[in-house]
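First comes the structure, then the notes that go with it.
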Amino acid sequence: MHRQPWHDAAEALLLPLLALIGALLMFGLWVWLGGHDPVQACTLLFTGAFGDAFSWQNTLQRSAPLMLTALCVALPARAGLTIIGGEGALVLGGLACAGLPYAVHLPGNSLGTAALLLAAAIAGGAWIALAGALRQYRGVNETISSLLLGYIAIALFKHLVEGPMRDPASLNKPSTLPLSEPLRIGSIGAWDLLGDVHWGLAFGLALCLAGSVWLGRSTHGFATRVVGGNARAARLVGLPAHRLIITACALGGAAAGLAGGIEVAAVHTAANASLIAGLGYAGILVSFVARHNPLAVIPVAILFGGFGAAGSLLQRRMGLPDASVQVLLGFAFVLILAGEALRGRLLPFPILAMRPLLRAKPA
């Protein structure tokens, strides 16, 4: 049967939704097998994420880096690459942010803060662009190379933070020198709902919107999507496939690097092991659930940021480990990947296939 134009849009919404519902059901079963009430667990999950103003603040705070690390997957994916090394770009971005004051004297104002964030974005962009260049010029699989580059970035981060850049005052937890107060990013504080939410949320929202406009409204973004659809055909019509793909990787890596810089400047105030929290890996899940759509990344990041915020509530009220939420995210990721097998098959439903027969006129 001929597929209608709305079929793809409906599947893009239904497949992630069904995967999330399935993940919640599997999470409830896992909780029940552990001797706990699954209904109470799911209720607390959403209460801890969106139950009151404090929960919303915690959720939005956690969703900001997820938006940026998801872009590290989504933008290269629209160019045809599967990049999963956002964690490496994030930690190098945080390292660059914390390390720039070691190299140059920065003014204690917004220009100094902008320089820190720019350094973070450049570090992350260059790291992921390297994975794109290896793919285009050496034929190295970008999924494997970006993952291995992530491990290298984490090893480099630990070496510098625990060695040459270590603050002598950081005894139990090796850290770099803390950023001076004028260089840090403060909270938005415009409304009660956003009282403790830092400006990283604004960066995440702005870059998701910018990514959507770039892909959907610009010539360069359209060319990137053409390359992602069929790189060989794109080269035949004269599109610079190598440059477009590496640019998409650099932009995605810059977003993840910026996430690391914001985490240092707004949350940790220094680069330390707390930065290696799996935000880059969580961004992979957010991007896949959002089907690599920068606009859809926003609500998905808020949802998963809320799940992360609710982990402590599950621990306090039910005695579940704080990392129980990671089990839920794991279920969701597996089901999202499995759901790709249904792409193009979920719709039309049997009743839709019968519609032409119902409309047929008798001979």
When you go through L279, L275, L244 one by one, which is the residue that is under 17 Å from A121 (Cα atoms), touching a His at 6+ places or on another chain (Cβ under 8 Å) and modelled with pLDDT of 90 or more?
L275
Would you please name the residue that is surrounded by the most Cβ atoms within 10 Å (Cβ to Cβ), looking only at residues in the stretch 23-54 that are in contact (Cβ under 8 Å) with a residue 60 or more places away in the chain and not in a helix (DSSP H, G or I)?
H36
Every residue from the stretch 156-180 that is among the small types (G, A, S) and in a loop (DSSP other than H, G, I, E, B)
G163, A169, S170, S180
Tally the residues that are assigned to a helix (DSSP H, G or I) and either modelled with pLDDT under 85 or closer than 30 Å to V267 by Cβ (or both), restricting the search to the stretch 1-18.
12
What about I122, is it under 15 Å from A259 (Cα atoms), part of a helix (DSSP H, G or I) and within 21 Å of the chain's Cα centre (by Cα)?
yes
Of the residues in the stretch 322-363, those that are assigned to a helix (DSSP H, G or I) and either within 16 Å of L18 (Cα to Cα) or at pLDDT below 85 (or both) number 25
Can you give me the number of residues within the stretch 270-321 that are among the basic types (K, R) and either outside any helix (DSSP H, G or I) or within 30 Å of W214 (Cα to Cα) (or both)?
1
Has the stretch 56-79 got at least one residue that is surrounded by fewer than 22 Cβ atoms within 10 Å (Cβ to Cβ), in contact with a Leu (Cβ under 8 Å, 6 or more places away or on another chain), of a type in the set (A, V, I, L, M, F, W, C) and within 25 Å of T269 (Cα to Cα)?
yes
When the residues of the stretch 125-174 are narrowed to those that are over 19 Å from A255 (Cα atoms) and surrounded by 22 or more Cβ atoms within 10 Å (Cβ to Cβ), which ends up nearest to the chain's Cα centre (by Cα)?
R135
Any residue at all in the stretch 190-210 that is touching a Ser or Thr at 6+ places or on another chain (Cβ under 8 Å), among the hydrophobic types (A, V, I, L, M, F, W, C), in contact (Cβ under 8 Å) with a residue 40 or more places away in the chain and not in a loop (DSSP other than H, G, I, E, B)?
yes
Return a yes/no flag: does the stretch 172-191 have any residue that is among the aromatic types (F, W, Y) and either under 30 Å from T247 (Cβ atoms) or at pLDDT 90 or above (or both).
no
If you scan the stretch 275-315, which residues turn out to be without any contact (Cβ under 8 Å) to a residue 12 or more places away in the chain and polar (S, T, N, Q)?
Q315
Only one of these is in contact (Cβ under 8 Å) with a residue 24 or more places away in the chain and surrounded by fewer than 24 Cβ atoms within 10 Å (Cβ to Cβ): N272, N230. Name it.
N272
Working only within the stretch 225-262, note down all residues that are assigned to a helix (DSSP H, G or I) and of a type in the set (S, T, N, Q).
T247
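The values are calculated or read from the model by the stated rules, or taken from the named source; none is laboratory data. Note that the structure is predicted; figures quoted are calculated from it, not measured. When we count neighbours, we look across all protein chains shown, and the Cβ atoms used for this are built from the backbone with ideal geometry, even at glycine.
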